[in-house]
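Asks: Below: one structure in structure tokens.
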Amino acid sequence: VQLQASGGGLVQAGGSLRLSCAASGSIFSIDFMGWYRQTPENERELVATLTRAGSTNYADSVKGRFAISRDNAKNTVYLQMNSLKPEDTGVYYCYAFIGARSFWGQGTQVTVSS
């Protein structure tokens, strides 16, 4: 599985961004996909997860502001980020799991200015 992330950028606090993660390869085997982020302080946080069945899970820090979704026709998972805060700044990585195997996309930088 190959993952291609995009959509990061610089936005003011309160603004919105949408990240995309396009998957190719053995996508039919993917059990779940999601997004991690690494903050400037090098802290890693699981941001959002979407299972094959459509269940979602979010970090408490983003609940109510972020939404993960997918477009099966495009083999793409999205992370809609609203009401962004400076503490949302970081490098966002999309990932996928097939059984115990993990696959990672390149990071995309999100910077939220105050």
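The values are calculated or read from the model by the stated rules, or taken from the named source; none is laboratory data. Remember, predicted model here, so these are calculated numbers, not experimental data. Please note: Cβ atoms are built from the backbone with ideal geometry, for glycine as well, and neighbour counts cover all protein chains shown. Only protein heavy atoms, including side chains, enter the accessible area calculation; ligands, DNA and RNA are left aside. Shrake-Rupley method; radii C 1.70, N 1.55, O 1.52, S 1.80 Å.
Asks: Go through the residues of the stretch 26-33 one by one and say whether even a single one is assigned to a strand (DSSP E or B) and either modelled with pLDDT of 95 or more or open to solvent by less than 60 Å² (accessible area, probe 1.4 Å) (or both).
Replies: Within the stretch 26-33, one or more residues are assigned to a strand (DSSP E or B) and either modelled with pLDDT of 95 or more or open to solvent by less than 60 Å² (accessible area, probe 1.4 Å) (or both).
Asks: Could you please find all residues in the stretch 41-57 being polar (S, T, N, Q), open to solvent by 60 Å² or more (accessible area, probe 1.4 Å) and modelled with pLDDT of 95 or more?
Replies: Those that are polar (S, T, N, Q), open to solvent by 60 Å² or more (accessible area, probe 1.4 Å) and modelled with pLDDT of 95 or more: S55, T56, N57.
Asks: How many residues does the stretch 50-108 contain that are over 21 Å from S24 (Cβ atoms) and among the hydroxyl-bearing types (S, T, Y)?
Replies: The qualifying residues number 6.
Asks: Checking A53 against (1) free of Cβ contacts under 8 Å to residues at least 60 places away in the same chain; (2) out of contact with any Leu (no Cβ under 7 Å at 6 or more places or on another chain); (3) within 23 Å of A100 (Cβ to Cβ); (4) part of a strand (DSSP E or B), which test does it fail?
Replies: Exception for A53: condition (4).
Asks: Out of the residues in the stretch 70-89 that are modelled with pLDDT under 95 and open to solvent by 30 Å² or more (accessible area, probe 1.4 Å), state the one that is farthest from the chain's Cα centre (by Cα).
Replies: Applying the filter and picking the extreme gives A73.
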